[in-house]
Structure formats: structure tokens, C-alpha cells
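Student: Would you mind keeping the following structure in view while I ask a few things?
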Amino acid sequence: MTLDKNPEKIHTMFNLISEKYDFINDVMSFGTQKFIKSCCIKNLDIKSGDSVLDLCCGTGDLAGMIKNRGANVTGIDFSEKMLDIAKDRFSDICWLQGDVTNLPFPDESFDYVVMGFGLRNIRNAEKAIEETYRVLKPNGKFMHIDFGEKNFLSSIYDKVTPLLVKFFTENSFAYSYLIQSKREFLSPDELIKDFESKGFKFQKRKDYLFSVISCQIMKK
Ligand SMILES: C[S@@+](CC[C@H](N)C(=O)[O-])C[C@H]1O[C@@H](n2cnc3c(N)ncnc32)[C@H](O)[C@@H]1O
């Protein structure tokens, strides 16, 4: 059965898990998630003064790391509770509550757009990709990060994660959702084709943790 990605349900789910989100992410990734995110960002040549948009920014990991490079960073997410944590962690970033399928920015506003672990949760993912393309400047770059190949290691992860998560939270629904959304999500190659169909040109793909995580960089 295909997952129900009703935006209201997804919004409520992330509000409910917001307080434990960072901690559980560290547990589920065996402490590697922040390191992998920082490796992904190194694939981009972000300079001081560049304008960068973090879509589905959540508690602000990617936006915070990019801010450290001197860029002007905006983070957008529809969960006010995830954003509250982001605001507490990084005060010098422009945080906005909004839906990434309907971005509140003029065309060609940003040098870079990044999105980590967001697209998989969006029912109208096609619209989110079109909006990403629209707000990027010509030659601007889009970096997308999420789970990658469905290989042997990835299937072990699917089995171990629910057990770990049960140990730390009562809200295990969100994490069974995560496993199913991961199983149903497009492969990195399929994603690249999808991005290309919206006008993007493929630049680079980098895989981490034996390809369990994949990062694709596309150019407008
Ligand atoms: C798995 S979290 C990823 C957070 C962060 N990017 C990270 O890497 O840790 C997914 C985030 O996407 C947000 N989200 C999902 N659908 C969205 C939408 N249509 N518009 C804005 N935010 C959305 C959720 O609220 C949640 O904070």
C-alpha cells in the first residue's frame, strides 16, 4: 500500500516528534548524520555573501552549517515546532514558516538551494522541484540529500532502526513511517531523471555510508 502523505498529517507528525528529532537522528545514524551533512555541503563552493535557501530545514542542521561559511541563509519549513528549535539553535538565520510547494520568493532569488531528507515526505514532490527551479538564479545549484540505494546495508538499517527507536520514544509511528517512505522513495538515478525533466542539468552525485545516503547536485 502506498503511504498517505497528506500534508496536514506530515505537519502534525513533525510537530509531535520535534523535541526528540535531533537526538533520534543521531541514534538512527549511529552518530554519523551531522558529519555526512557537513561532507555534502563541502561539495558546494558556497562563498561568503552567497544567498542560500534550505528547504524543509527542520531543526536547522544544514542551514546552520552553511551560515558558518558566511552565506546569507534562509530556512523554510511548515512545522512551527521544528522551526522553534532551529531558531533557538541559530539566531542569525532568516527562518520562515511555509510550504515548499508554494515558495514565497520571486523567481531567480538564490545562488543555492539545498534540501535534506525533505522531498520524500512531500505528496506533491513535482511541484516542490518546480518551485526549487523557479527560485534558483541561472547557473544556480540545487543539492538534494536523502537515503540512497536500497542495498543490503539499507535493509539492515530498516530492521535495526525500529528497535532502537522503540527504546527511546513512544512515538514509534513516525519512525515506521520513515522506513516505509524510505522503501517507496525513488532511487538516486530515478531522482536525477526527475530533476532533469524539470530543466536541471546533472552535475555530481556523491554517496555516503556505503550508498545508504546519497547526495545529488544539479545545476539550473
Ligand atoms: C526529515 S525532516 C528533515 C529536516 C532537516 N532538513 C534535516 O536534514 O534534518 C523533514 C522536514 O520537512 C518538513 N516538511 C515536509 N513537507 C513539507 C512541506 N510541504 N513544506 C515545508 N516543509 C515540509 C517537515 O516539517 C520536516 O521538518
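Student: Checking the conditions here, which among Ile85, Ile46 is at pLDDT 95 or above, among the β-branched types (Val, Ile, Thr) and more than 20 Å from Ile17 (Cβ to Cβ)?
Tutor: Working: Ile85 fails: more than 20 Å from Ile17 (Cβ to Cβ).
After ruling out the rest, the residue left standing is Ile46.
Student: Okay, moving on. Of the conditions (1) part of a helix (DSSP H, G or I); (2) touching a residue at least 24 places away in the same chain (Cβ under 8 Å); (3) within 12 Å of the ligand (Cβ to nearest atom), Cys39 clears all except one; give me its number.
Tutor: (3)
Student: State whether one or more residues within segment 132-144 are over 15 Å from the mean Cα position of the chain (by Cα) and more than 18 Å from Met218 (Cα to Cα).
Tutor: Within segment 132-144, not a single residue is over 15 Å from the mean Cα position of the chain (by Cα) and more than 18 Å from Met218 (Cα to Cα).
Student: List the pairs whose first member sits in segment 1-29 and is farther than 19 Å from Leu163 by Cβ and assigned to a helix (DSSP H, G or I), whose second member is aromatic (Phe, Trp, Tyr) and within 8 Å of the ligand (Cβ to nearest atom), and whose Cβ atoms are under 7 Å apart, counting only residues at least 6 apart or on separate chains?
Tutor: His11/Phe78
Student: Can you pull out the residues in segment 131-171 that are loosely packed, with under 14 Cβ neighbours inside 10 Å and modelled with pLDDT of 95 or more?
Tutor: Across segment 131-171, the qualifying residues are Pro138, Asn139.
Student: Would you confirm whether any residue within segment 175-182 is closer than 30 Å to Phe110 by Cα and touching a Leu at 6+ places or on another chain (Cβ under 6 Å)?
Tutor: Within segment 175-182, one or more residues are closer than 30 Å to Phe110 by Cα and touching a Leu at 6+ places or on another chain (Cβ under 6 Å).
Student: Follow-up question, since we're still on this one. I'd like the full set of residues that are of a type in the set (Lys, Arg) and in contact with a helix residue (DSSP H, G or I) (Cβ under 6 Å, 6 or more places away or on another chain), limited to segment 71-88.
Tutor: Lys81
Student: Something else: What are the residue pairs meeting all of these: first residue in segment 57-77, first residue over 17 Å from Phe142 (Cβ atoms) and at pLDDT 95 or above, second residue aromatic (Phe, Trp, Tyr) and part of a loop (DSSP other than H, G, I, E, B), Cβ atoms under 8 Å, and 6 or more apart or on different chains?
Tutor: Gly58/Phe117; Gly60/Phe90; Gly64/Phe90; Lys67/Phe90
The values are calculated or read from the model by the stated rules, or taken from the named source; none is laboratory data. Every value quoted in this text rests on a predicted model; they were computed, and no experiment measured them. Cβ: placed from backbone, ideal geometry, glycine included. Neighbour counts: every protein chain shown.
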